[in-house]
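One structure is given below, encoded as structure tokens.
The values are calculated or read from the model by the stated rules, or taken from the named source; none is laboratory data. Worth saying up front: this structure is predicted, and the values here are computed from it rather than measured. FYI the Cβ positions are ideal-geometry reconstructions off the backbone, even for glycines, and counts take in every protein chain you see. The accessibility values were calculated without ligands, DNA or RNA, using every heavy atom of the protein model including side chains. Shrake-Rupley method; radii C 1.70, N 1.55, O 1.52, S 1.80 Å.
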Amino acid sequence: MSSRDFPQVRLHIVTGKGGTGKSTVAASLALGLAAAGTNVLLCEVEGRQGIARMFDVEPLPYAERRVATGLPETDGQRGGVVHALHIDPESALLEYLSMYYKLGRAGRALDRFGVVEFATTIAPGVRDVLLTGKVYEATKRNSRNKKAITYDAVVLDAPPTGRIAQFLGVNHELAGLARMGPIKTQADSVTTLFHSRRTAVHLVTVLEEMPVQETTDGIAQLREHGLPVGGVVVNQVRPRDLDDDDLAAVRAGAVTKRQIASDLTRSGLDGKAEMVTGLLTEARDHAERRALEDAQRALVDALDVPTYELPLLVGGVDLGALYELAGMLRDQGLA
């Protein structure tokens, strides 16, 4: 199983400015990637339990849970499986100590004495090392991991664009500090994965100035750190209610109240002055917004990366909406 635009990618990292809907895009991408017979793991690391809310399930523990069936490739076919994992740094540290230092009960004792919380709070970089380490572990599994689920793809709902390069680069910094031992080995392995063709960092934006600028800056930072840039998902795109000629006429002031009143009357509607004024105001607002969106879309097109568009969902996001968005991402080649 592979996405058409990124056939070699196994780890899809989704980031974006707050409010752009990156978690929704990550969940939709996971559903789209889970074709027939494939397993996909959707991970979150920000402690908000967003996956549980979107899929309408109980809050996720630090364990992989099946949350949905993926989008089938053809009608009448059953999709693969989407599992989800809520990664918290405290549990990840205990698991790390158990795996590499065989602490067992001693590790749990450290948790009771508050050492784990101290370690992950006093040094924020430690949190990112643990979070990325768990994602790496899920990504590198193969048939030799008999007790664990093997995934064809992992989708990470990552931190916002403003700190994504730092988040993904923390293991490289750690590897420079640790001279040898399991910490050095783990950090080097994670860094290798994140800089490889098996990883792609996708950025989510909306057609507004600040998110597009942050996306532009984020791509520059990722490239500066040698991290693989995937695609840009333009989310929450508003419907195009007026064509280009009508928009130009509205902006030029060529559409009058009399014309609108006449059109309403011909349609059998009451062309009262209040309604006519309201419609003309909405048309002008829409034309202005479309001009701003078109300017931002031009900036996105100039980024020289694959781009995808998802519509604004007026009714909100539920599981049905996620499947709808997943189908759009697949149709456009991302999933």
(request) Heavy atoms only, probe 1.4 Å: what % of the accessible area of region 1-98 goes to carbon and sulfur, would you let me know? (result) 46
(request) Please work out the C-alpha center-to-center distance from region 1-31 to region 281-330 and express it in whole Å. (result) 16
(message) Quick check on my link table: of 17/140; 17/147; 17/134, which ones sit more than 26 Å apart, alpha carbon to alpha carbon?
(response) 17/140; 17/147
(request) Enumerate the amide H contacts of residue 238 below 5 Å, restricted to partners 5 or more residues apart or on another chain; note that Pro and chain-start residues carry no placed amide H. (result) 312
(message) Would any residue of region 219-237 have its amide N under 20 Å from a label point 7 Å out along Cα→Cβ of residue 299? List them or say none.
(response) 219-224, 230-237
(message) Given a 1.4 Å probe and heavy atoms of the protein chains only, how would you sort 275, 210, 328, largest accessible area at the top?
(response) 210, 275, 328
(request) Grab the Cα-Cα distance for residue 267 and residue 319, subtract it from 0.36 nm times how many residues apart they are, and report the gain in nm with one decimal. (result) 14.9 nm
(request) Return the distance in nm (one decimal) between the two label points of a simple spin-label model at residue 78 and residue 213, each offset 7 Å from Cα along Cα→Cβ. (result) 5.1
